[in-house]
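*Asks:* Encoded as structure tokens, here's the structure I'll be asking about.
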Amino acid sequence: MTFRQFAYRNVVRNRRIYAAFFMASMFSVMVFFMYSMLLFHPKIEDEFLREFAASGMIVAEIILYIFTLFFLFYSMSAFLQARSKEFGLLLQLGMEKKQLNKLIFLETMLIGAVSVATGIFFGYAFSKFFFMIVRELLQLESLPLYVSIKPFALTMGAFFSLFVIIAMTSVVFIREQKIIELIRGYWKTDELQSYSTVKAILGIAMLVFAYGAAAFTSTTVVLALSIVLPPLAALGTYFFFTHSVLFLLHQVRKRKSLYWHPYRLIAISEVAVKLRENARMYFIVTIVSTVAFLSVGTLTSLSSYTGQFREINPLSLIYSSEMSNPYESDHISLLRNELEEQGLSYTLVPFLIKQQTSSFSQNSVDILRMSDVNSLALALGLPLIELPPGEAMFIPYSEDSIGTLKSKEIQTVLEESNVPIRIRGVYPKMLFPSMIIGSNIVVVSDSDYRLINEPFSGRSLIDSSYKFFAFHVAEWERTKSIGLDIDSQVTDAIYDGGFTTLPFYFENPGLNYSVIRATFSLLLFTGLMVAAVLLLAAGSFVYFKLYTGLERDKRQFDVLKRMGLTEQEIIKIVNRQLVPQFFLPWGIAMLHSAFSFLSLQVIWSNLAEVSILSEMILVLVGFTLIQIVYYFLIRWRYIDHVRA
């Protein structure tokens, strides 16, 4: 038997040990390959989202590659430690350290080669389905499957180099140990290590402070806290697992009424040992899980914005024009013609908005006519208003302003035209997108509107008013191709710095929605794929550590069987040992994420007045169900192993 055959048979013989490692490697390769297929796809080279799609895929692949390197390195080191007795015997029988290193290198590269080949095979097999999803997200006409050497070369080059790095560095764990240490195995002692009471309390205090600051944050400090709290929470988490957990277990051990209980004594003692041995690993699992939760949660909150986009943007097309705008007639005619060519029915409500000075605040006020507002409200299916002469009503500029202005009453005079009005209440619905017209706008009766005939202070009569054209289209999502020429003029003026001199403004919410929806959907889909790898890795960390100490656990349960414990009693002990190992890091990660989402809600409320509560609950519940399923799967495999 040659040396290569010996390495091959070692891998085959230990296939149960390497199964999870192989599956995680294969899945990472598959996801990386599918991203590479999209990255080099020739069909989206000239599409408007090409740059964004490419950037998203590159970032995702870099994150995926770096994390996979770390994850596989950690996994391989755990499995090598699990085989330490085998390596000790080989060295005792005369194998040189150099030959052992070569053996480990060949085994790792063999597993890597099979993982890369299998991952690329399944990646290409699922690429068509992947392209179908991306085609819908990017709203492309077609995204066919293609064959190119580039994604294959990138994936093979990236992962073969990754496995070479792992194979060359993981042998350090074997090289540094003596033969007697290898034969003794990975587990050394069950003595509980000392802990620092100060660090234990400090870890809990850091977490409590971070949670409190995140829960009661405000818009003025949320950005500063987003920089300060993550490292504080990370350090608190590290102290929690390395010191606080041992401190709390010690407090439990001192209470005999709680600790001296059938099964509980064995379970708590064993959990204490494993939490002590693997404190840093549980810290890593918590951070990785938190990153996965926050990635998906943040991206899901973006989809929440798209879901409430129509409420925030009730109009379908918006055209604002200065009185001296020479393009107004041509632009409005162009928009009408394009709507008719697309077969879209629409309602156009023109506004002439006058500006005056309020004697109450000495600020400028935009004035709308009641009949114009009712025309728009009728088109949008909103309630009409009836204002007698001398009465006025606020027009809301945001959802929050409706509650603020609802009970407000102001007696004022429009100074330039000397028109007294009493402003009472606010229109109950959003008529215009936030800040499109202004934050200080009221609607007056038609008779009062006609009395406003004097120019705004310091301006000419023609500069004291402007026109606003509100288009309502029932099928507003189909308007994304309407007014593209006008939109490009506005965009160019913004980029060139000439926006302030532009005599008009145009906005197409349908176009904005199509871009935002495609962008956010692609981000969410990409984030879900990366999060799947992160969560698979986080769960596998615990599984690998369980498997590392499997022989020790089997001997322990054999002793318990000989002492008279039944199968059901042993399973009860197993449950009490596994639950803290699986759900303690998960629970801390859930707390991190939940309080982070509270801060994220403050940011969204400030940006777009969007509620992300339902999306956040969905994310947390969904991940909890995944963890429960994963727990029962690992529990089933673990019990099956210790029974063997």
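*Asks:* Is at least one residue of region 104-123 of a type in the set (D, E, K, R), buried (at least 16 other Cβ atoms within 10 Å of the Cβ) and touching a helix residue (DSSP H, G or I) at 6+ places or on another chain (Cβ under 8 Å)?
*Replies:* Yes - at least one qualifying residue is present in region 104-123.
*Asks:* In region 76-88, how many residues are surrounded by fewer than 17 Cβ atoms within 10 Å (Cβ to Cβ) and either more than 24 Å from L546 (Cβ to Cβ) or touching a Leu at 6+ places or on another chain (Cβ under 8 Å) (or both)?
*Replies:* The first filter runs over region 76-88 and keeps only residues surrounded by fewer than 17 Cβ atoms within 10 Å (Cβ to Cβ), leaving 85-86.
With either more than 24 Å from L546 (Cβ to Cβ) or touching a Leu at 6+ places or on another chain (Cβ under 8 Å) (or both) added as a condition, the list becomes 85.
Result for region 76-88: 1.
*Asks:* Still on this structure, I have one more. In region 381-399, which residues are in contact with a Ser or Thr (Cβ under 7 Å, 6 or more places away or on another chain) and either under 13 Å from D448 (Cβ atoms) or outside any loop (DSSP other than H, G, I, E, B) (or both)? Full working, then the answer.
*Replies:* Of the residues in region 381-399, the ones in contact with a Ser or Thr (Cβ under 7 Å, 6 or more places away or on another chain) are 387-389, 391, 397-398.
Those that are in contact with a Ser or Thr (Cβ under 7 Å, 6 or more places away or on another chain) and either under 13 Å from D448 (Cβ atoms) or outside any loop (DSSP other than H, G, I, E, B) (or both): L387, P388, P389, E391.
*Asks:* Let me ask something additional. Which condition from (1) within 40 Å of the chain's Cα centre (by Cα); (2) not charged (D, E, K, R); (3) not in a helix (DSSP H, G or I) is the one that L378 breaks?
*Replies:* (3)
*Asks:* Of the residues F129, F160, only one is surrounded by 13 or more Cβ atoms within 10 Å (Cβ to Cβ), at pLDDT 85 or above and outside any loop (DSSP other than H, G, I, E, B); which? Spell out the reasoning first.
*Replies:* Working: F129 fails: surrounded by 13 or more Cβ atoms within 10 Å (Cβ to Cβ).
Selected residue: F160, the only one of F129, F160 that is surrounded by 13 or more Cβ atoms within 10 Å (Cβ to Cβ), at pLDDT 85 or above and outside any loop (DSSP other than H, G, I, E, B).
*Asks:* Could you please find all residues in region 223-257 being charged (D, E, K, R) and in a helix (DSSP H, G or I)?
*Replies:* Within region 223-257, R253, K254, K256 meet the criteria.
*Asks:* Please give the number of the condition D448 fails out of (1) surrounded by fewer than 15 Cβ atoms within 10 Å (Cβ to Cβ); (2) more than 40 Å from the chain's Cα centre (by Cα).
*Replies:* (1)
*Asks:* For region 524-539, check the following and say yes or no: at least one residue is surrounded by 18 or more Cβ atoms within 10 Å (Cβ to Cβ) and part of a loop (DSSP other than H, G, I, E, B).
*Replies:* Taking every residue of region 524-539 in turn, none turns out to be surrounded by 18 or more Cβ atoms within 10 Å (Cβ to Cβ) and part of a loop (DSSP other than H, G, I, E, B).
*Asks:* Could you please give the count of residues in region 358-373 that are crowded, with 19+ Cβ neighbours inside 10 Å and not in a strand (DSSP E or B)?
*Replies:* Total meeting the criteria: 3.
*Asks:* Here are Y259, Y195, Y282, Y211: which of them is among the hydroxyl-bearing types (S, T, Y) and modelled with pLDDT under 70?
*Replies:* Y259
*Asks:* Looking at region 333-390 only, could you name the residues that are more than 27 Å from V473 (Cβ to Cβ) and of a type in the set (S, T, N, Q)?
*Replies:* Q355, Q356, T357, S358, S359, S361, Q362, N363, S364
*Asks:* If you go through region 456-466 one residue at a time, do you hit one that is hydroxyl-bearing (S, T, Y), closer than 30 Å to E386 by Cα, assigned by TED's automatic domain parsing to the domain that holds E328 and in contact with a Phe, Trp or Tyr (Cβ under 6 Å, 6 or more places away or on another chain)? First the steps, then the outcome.
*Replies:* The first filter runs over region 456-466 and keeps only residues hydroxyl-bearing (S, T, Y), leaving 457, 460, 464-466.
Those left that are additionally closer than 30 Å to E386 by Cα: 457, 464-466.
Still in the running and assigned by TED's automatic domain parsing to the domain that holds E328: 457, 464-466.
Cutting the leftovers down to in contact with a Phe, Trp or Tyr (Cβ under 6 Å, 6 or more places away or on another chain) gives us 464.
Yes, the conditions are met somewhere in region 456-466.
*Asks:* Among (1) among the hydroxyl-bearing types (S, T, Y); (2) touching a residue at least 24 places away in the same chain (Cβ under 8 Å); (3) assigned to a helix (DSSP H, G or I), where does T500 come up short?
*Replies:* Going through (1) among the hydroxyl-bearing types (S, T, Y); (2) touching a residue at least 24 places away in the same chain (Cβ under 8 Å); (3) assigned to a helix (DSSP H, G or I) one by one, T500 breaks only (2).
*Asks:* Oh, and also: Restricting the search to region 93-107, which residues are in a helix (DSSP H, G or I) and without any contact (Cβ under 8 Å) to a residue 60 or more places away in the chain?
*Replies:* Residue satisfying the conditions is K98 alone.
Residues are listed down the side, and each one gets a yes or a no for (1) outside the structural domain of Q411 (by TED's automatic domain parsing); (2) within 26 Å of L382 (Cα to Cα); (3) part of a loop (DSSP other than H, G, I, E, B):
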| position | (1), (2), (3) |
| --- | --- |
| G297 | yes, no, no |
| S301 | yes, no, no |
| T306 | yes, yes, no |
| I318 | no, yes, no |
| H331 | no, no, no |
| L334 | no, no, no |
| L344 | no, yes, yes |
| P350 | no, yes, no |
| Q356 | no, no, no |
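*Asks:* Consider R552 carefully, then state whether it is closer than 30 Å to F22 by Cα, over 31 Å from the mean Cα position of the chain (by Cα) and surrounded by fewer than 17 Cβ atoms within 10 Å (Cβ to Cβ).
*Replies:* yes
*Asks:* Could you tell me how many of the residues in region 456-484 are in a loop (DSSP other than H, G, I, E, B) and not β-branched (V, I, T)? Break it down into steps so the answer makes sense when it comes.
*Replies:* Looking only at region 456-484, we keep the residues that are in a loop (DSSP other than H, G, I, E, B), and these are 456-461, 474-475, 482-483.
From what is left, the residues that are not β-branched (V, I, T) are 456-461, 474-475, 483.
Residues in region 456-484 being in a loop (DSSP other than H, G, I, E, B) and not β-branched (V, I, T): 9 in total.
*Asks:* Are any residues in region 400-455 part of a helix (DSSP H, G or I) and at pLDDT below 90, and if so, which ones?
*Replies:* The answer is D400, S401, I402, G403, T404, L405.
*Asks:* Looking at (1) of a type outside the set (D, E, K, R); (2) on the phi > 0 side of the Ramachandran plot; (3) exposed (fewer than 13 other Cβ atoms within 10 Å of the Cβ), which is the only condition P383 fails?
*Replies:* Checking P383 against (1) of a type outside the set (D, E, K, R); (2) on the phi > 0 side of the Ramachandran plot; (3) exposed (fewer than 13 other Cβ atoms within 10 Å of the Cβ), the one that fails is (2).
*Asks:* From S614, S605, S596, which residue is small (G, A, S), surrounded by 18 or more Cβ atoms within 10 Å (Cβ to Cβ) and more than 18 Å from F541 (Cβ to Cβ)?
*Replies:* It is S596.
*Asks:* Taking region 557-604 as the region of interest, how many residues are assigned to a helix (DSSP H, G or I), farther than 19 Å from V619 by Cα and among the polar types (S, T, N, Q)?
*Replies:* Number satisfying all stated conditions: 4.
The values are calculated or read from the model by the stated rules, or taken from the named source; none is laboratory data. Note that the structure is a prediction, hence the values are computed from the model and not measured. No Cβ is skipped: glycine too gets one built from the backbone with ideal geometry, and neighbour counts run over all protein chains shown.
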